[in-house]
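K.L.:
Below you'll find the structure I mean.
The values are calculated or read from the model by the stated rules, or taken from the named source; none is laboratory data. Every value quoted in this text rests on a predicted model; they were computed, and no experiment measured them. Don't worry about glycine lacking a Cβ; one is built from the backbone with ideal geometry, like all the others, and counts go over all protein chains shown. The protein model used for the area step is the full one, side chains on, heavy atoms only, and it has no ligands, DNA or RNA in it. Shrake-Rupley method; radii C 1.70, N 1.55, O 1.52, S 1.80 Å.
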Amino acid sequence: MLNKPVLVESLIVFVIVLFVHAVVWDRYSWCAVALAVQAFYAQFKWDRLLQLGGAVFQFRTAANSGLLPASMVIPLLGIVMKERCKSAGIVYFERFGIVVASTGMLVALFLSVIAVGITKPVPTNTCILTGVAGSIIIYTMKHSLTVSEVIEVLEVLLIFVYLSMILLYLLPRCFTPGEALLVLGGISFVLNQLIKRSLNVIEGRGDPIDFFLLVAVVGIVLLGLFFTVLFIFMDSGTWISSMFFHMMTAVLGLGVIMPWLYRLIQRNPLFWLLQFLFQTQTRVYLLVYWTFLAASACGVVFYQNAKRSSESKKHQASTITRKYFHFIVVATYVPGLIYDRQLLYVAAVLCLAVFIFLEYIRYFRIKPFGQTLRHLLSLFLDERDSGPLILTHIYLLLGMSLPVWLFPRSCAPKGTLSGAGALVPYSGVLAVGVGDTIASIFGSTMGEIKWPGTKKTFEGTMTAIFAQIIAVALILIFDSSVNLNSSYAWILASVSLVSLLEAYTTQIDNLLLPLYLQIMFMA
């Protein structure tokens, strides 16, 4: 049976789905409700498989499957994007939102079918529910999507299947099924979009920063896959292997990724990037400021490692120490959101590429810095880093950046949405930078009343909600582009629901919470 925290987590997700359904109220939102009911029952099967060790791959322990909360993210994002772009009269992105929602539903159904298929004895009731939900979704897709859109959805599903088989085999215990759905589903969609746009390049069409994101994500993932396969046949810790790693990185970067980006943006990528970064004086000031913050973050890492004595090798950084990085990230993102969101967009992409590349160096023990990175980052490990990769800091960056990357700029003619939607780019700052940080600090230092079945405290959740409301007030003061149009009750409900989800979820909250807050704000 599901335990109480999972039941409460599921209830919170259902409430969010029903909120979106009440606002949208069309056939797609009805499909989302059907998917949520089906995913709730399929989650039973995944949790049972994880407990008995019957899952096909090795998933992250000390967490439930997270199938329901993860299954609803991509469909709900697509639905609210469709509604926003429909209101703005942008037909292309309205159709794009429908494709996103359909893709998310089909990928989530596929993961549920796997759980049902490998559960013995076959769960009859869950099979019936899965069949009914699948029939509703496929029927809706049949009458909503064009032939080319159906092919696009099936392409993403095919990429997801192959990518899952490869990465879940190579990276055991790095994900729960829900986290795998979110991360690998996102990568599959990005890869398919890049292939589609590369085959249909029209000069002068498309924003270069969007192409930059697509190429950077796909390039860094393909780089990792290439070296993972390569180092199966050779020892990655030798100097020869390390030299080969750096040489092939340069070859693949300059010989594959750069020409690919050049084809998409029709100009030299390096010249374009330098011109973009130093285009205005404000951008120069922001880059200098961010460099200072990056140096401060490195200083925290070196200082905490210097404190680690030889007698306490198993010493781990405290919760408050880890939250220093949350404060630094908030200090990084807020000025970017206020003064230059396009620069923040590109800088976040560059930072993600650097983070993942450094993780490759650490994971493969590439000389001369691989072993040093292993030693420095081991201090900040927690129970979520149970696999061979350290992903917590990458999830933090993604949680802050995804609302910026996924913000529907084309459907916001004045650069911002109306009402609560104006806070969409701030979703990561509010949910992770403010809410999660304050909840952890106050909960661990002053919290006494625990939520039933969890280690999280009532005091931590309440202070998180209060802190996010104060942060919204400060955003209103300092960012003149934000106009909430009296949607304060919806903002309070959104912040409260996401804070409750933070208290009960065992998934990676840095990734999940900003996406749900973005969905609520866009709805």
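K.L.:
Please give me the summed charge of the neighbours of G435: other residues whose Cβ is under 13 Å from its Cβ, Lys and Arg +1, Asp and Glu -1. Intermediate results must be reported in sequence, preceding the final value.
P.N.:
Values: positive: K323, K456; negative: D436, E502, D509.
Charge balance in the 13 Å sphere: -1.
K.L.:
Could you please put Y303, Y516 in sequence from largest to smallest accessible area, using a 1.4 Å probe? Walk me through the intermediate numbers first.
P.N.:
On the way: Y303 135, Y516 0 Å².
Greatest to least solvent exposure: Y303, Y516.
K.L.:
Can you classify the chain as rounded, prolate or oblate using the Cα gyration tensor, where a ≥ b ≥ c are the square roots of its eigenvalues, rounded means a/c under 1.5, and otherwise it's prolate if a/b beats b/c and oblate if not? Spell out each step's value before the answer.
P.N.:
Numbers: a/c = 1.15, a/b = 1.11, b/c = 1.03.
Rounded.
K.L.:
Below 8 Å between Cα atoms, with a sequence gap of 6+, how large is the relative contact order for the range 441-523 in percent?
P.N.:
25 percent
K.L.:
Further question on the same structure: Report, to the nearest whole %, how much of the accessible area of the chain belongs to carbon and sulfur atoms, 1.4 Å probe, protein only.
P.N.:
Details: 16240 of 23370 Å².
Of the solvent-accessible surface of the chain, carbon and sulfur hold 69 percent.
K.L.:
About its Cα centre, how strong a charge dipole does the range 31-174 have in debye, to the nearest 20, once Lys and Arg get +1 and Asp and Glu get -1 at the Cβ? The partial results should precede the final answer.
P.N.:
Working: 10 positive and 6 negative charges, 60 e Å.
Roughly 280 debye, rounded to the nearest 20.
K.L.:
Probe of 1.4 angstrom, ligands and nucleic acids ignored: what's the accessible area per residue over the chain, in square angstrom? Each step should come with its number before you reach the end.
P.N.:
Numbers: 23370 Å² over 523 residues.
Dividing the accessible area of the chain by its residue count gives 45 Å².
K.L.:
Using +1 at the C-beta of Lys and Arg and -1 at the C-beta of Asp and Glu, which of I232, A297, Q281 has the Cα lying farthest in the positive direction of the dipole of the chain?
P.N.:
Ranked along the dipole, the leading option is I232.
K.L.:
Counting Lys +1, Arg +1, Asp -1, Glu -1, what net charge surrounds P69 among other residues with beta carbon under 11 Å of its beta carbon? Walk me through the numbers before you get to the answer.
P.N.:
Details: positive: none; negative: E9, E179, D509.
Local charge sum for P69: -3.
K.L.:
Hey, which of these cross-link pairs are over 30 Å Cα-Cα: K82/K323; K86/K142; K307/K450; K142/K196; K307/K455; K120/K455?
P.N.:
The answer is K82/K323; K307/K450; K120/K455.
K.L.:
Could you work out the relative contact order of the range 316-471, using alpha carbon pairs under 8 angstrom and six or more residues apart, expressed as a whole percent? It would help to have the intermediate numbers written out before the result.
P.N.:
Numbers: 140 pairs, mean separation 37.0, N = 156.
Relative contact order here is 24 percent.
K.L.:
A follow-up question, please. Percent relative contact order of the chain, based on C-alpha pairs within less than 8 angstrom and at least six residues apart? If you can, show how the numbers build up before the last one.
P.N.:
Working: 644 pairs, mean separation 93.9, N = 523.
Dividing the mean separation by the residue count of the chain yields 18 percent.
K.L.:
Treating the beta-carbon of each Lys and Arg as +1 and of each Asp and Glu as -1, no other charges, what is the dipole magnitude of the range 138-259 about its Cα centre, to the nearest 20 debye?
P.N.:
Details: 5 positive and 8 negative charges, 24 e Å.
That gives a dipole near 120 debye.
K.L.:
Further question on the same structure: By a straight-distance test (C-alpha under 18 Å), which aspartates and glutamates pair with K456 as possible cross-link partners, with residues fewer than eight away in the same chain excluded?
P.N.:
Qualifying aspartates and glutamates at Cα under 18 Å: E9, D382, E383, D436, E448, E502, D509.
K.L.:
At a 4.7 angstrom Cβ threshold, list every cysteine in the chain that has nobody to pair with, or say none.
P.N.:
Result for the chain is C31, C127, C174, C298, C351, no neighbouring Cys Cβ within the cutoff.
K.L.:
How big, in percent, is the set of alpha carbon pairs in the range 1-146 lying more than 28 Å apart? Can you show the working numbers first?
P.N.:
Numbers: 2156 of 10585 pairs.
Roughly 20 percent, once rounded to a whole number.
K.L.:
Name the residue farthest towards the positive end of the dipole of the range 363-502 from the options G435, T445, F369, assuming +1 on Cβ of Lys and Arg, -1 on Cβ of Asp and Glu, about the Cα centre.
P.N.:
After comparing all options, I get F369.
K.L.:
Would you grab the residues whose amide H sits under 5 Å from the one on T457? Only those 5+ places off in sequence or on another chain, please, with H modelled 1.01 Å from N.
P.N.:
Excluding prolines and chain starts, which carry no amide H, the hits are W451.
K.L.:
Here's another thing I want to ask about it. Once the other residues with Cβ under 12 Å from the Cβ of L501 are scored (Lys, Arg +1; Asp, Glu -1), what is the net sum? Mind showing how you got there, number by number?
P.N.:
On the way: positive: K456; negative: E9, D436, E502, D509.
Spelling it out: positives minus negatives among the neighbours equals -3.
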